[in-house]
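Okay, so here's the structure we're looking at.
The values are calculated or read from the model by the stated rules, or taken from the named source; none is laboratory data. Computed from a prediction, not measured in an experiment: that's the story for all the values here. With ideal geometry, Cβ positions are generated from the backbone for all residues, glycine too; neighbour counts draw on all protein chains shown.
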Amino acid sequence: MDTVTILLRQVLQMFLLVALGYLLFRGKKITPEGSRTLGNILIYLVLPCVIINGFRIERTPEHLRGLLFSAVLAAVLLAVSMLVARAFFRKDSIANFAASFSNPGFFGVPLITAAIGQGAIFYVAFFIAFLNILQWTYGVSLMNGQKLSAGFSPRKLIRAPFVIAMLIGLVLFFSSLQLPQVVSGCMTGVAALNTPLSMFTVGVYLAQTDIPGIFRRGSLYLVSLARLAVAPLIACLLLALLPQSFYDMKLALLLAAACPVGSNVAVYAQLHGKDYPYAVETVVLSTLFSILTIPAIVSLAGVLW
């Protein structure tokens, strides 16, 4: 089965999980408070386990080289995405945030695992960590209309769950320390919750949205264009410069860069008193369109690479 078919099947399965989340919220089985609880479980437990698991591979010269290359490429691709978003949205802070940051942790990880394998998460661990750091710093500065340095707290950043998870993962990778089987099995089980819980959360967002109204708001189409087409296309062209031997890394990073708007834009909009419904709409519409754009971008990569 080719990669595009695998991705299309995985995306459809994820949309079924979104539908279940939608129905659970509509049936009052998930409340708004319950949705926030799911978000906390994802951010403080599930995603850290995903990141740590990504580093739990054998330390070899090849993997060490992959780690360094993937870190540099992650920084480049995120910079490209932010520049694209800034070019499209200089005055719309929520749209700028939404177009800048994809959803590699909750949406990308299942796609990467399905298309390449669990080991490929190693290549996007830095992408996920860097993205969350940038949301915490650059993203918040966008929301507040302040300079990046305003309100920045290194102490708060270093205690963030994704930073702690990255540090733990690096220690495990460089020390080749093997976790006890019971701990390893527990961590793997928690990481497996990533897809269903994150898609249920998107379904809850969808259930709180005026769906017909979304399709009448022009700026949402521009957000989806920047996030799902322009930034991934540039990423695809840049990654084409790397040799074929880097194929798994290139595909993993491309999938991370091609994901829809990350749900954190809604979280940060709510925390900073911005237009929360608008932020949710950027997540919902881009997620709906991604069922078409992600297979298309991967098909293009198959031609160019």
Legend entry - Matching residues in segment 158-185 - criterion: being surrounded by 12 or more Cβ atoms within 10 Å (Cβ to Cβ) and outside any helix (DSSP H, G or I): Ala160, Leu179
Legend entry - Considering residues of segment 257-305 that are surrounded by fewer than 22 Cβ atoms within 10 Å (Cβ to Cβ) and of a type in the set (S, T, N, Q) only, the residue farthest from Gly218 (Cα to Cα): Ser299
Inset, instruction - Go through segment 25-69 and give me each residue that's at pLDDT below 85 and basic (Lys, Arg). - result: Arg36
Legend entry - Close pairs (6 angstrom Cβ cut-off, 6 or more residues apart or separate chains): in contact (Cβ under 8 Å) with a residue 60 or more places away in the chain in segment 261-287, of a type in the set (Phe, Trp, Tyr) and surrounded by fewer than 24 Cβ atoms within 10 Å (Cβ to Cβ) anywhere: Ala269/Tyr276; Val280/Tyr205; Val283/Tyr205; Val284/Tyr205
Legend entry - Residues being out of contact with any helix residue (DSSP H, G or I) (no Cβ under 6 Å at 6 or more places or on another chain) and within 19 Å of Thr195 (Cα to Cα) - total across segment 262-278: 2
Inset, instruction - Among the candidates Val303, Val202, Val230, single out the residue that is over 28 Å from Glu62 (Cβ atoms) and either in contact with a Gly (Cβ under 7 Å, 6 or more places away or on another chain) or without any contact (Cβ under 8 Å) to a residue 24 or more places away in the chain (or both). - result: Val202
Legend entry - Restricting segment 196-247 to residues that are hydroxyl-bearing (Ser, Thr, Tyr) and in a helix (DSSP H, G or I), the residue that is farthest from Pro110 (Cα to Cα): Ser219
Legend entry - Per-region count, segment 42-63, residues without any contact (Cβ under 8 Å) to a residue 12 or more places away in the chain and not in a loop (DSSP other than H, G, I, E, B): 2
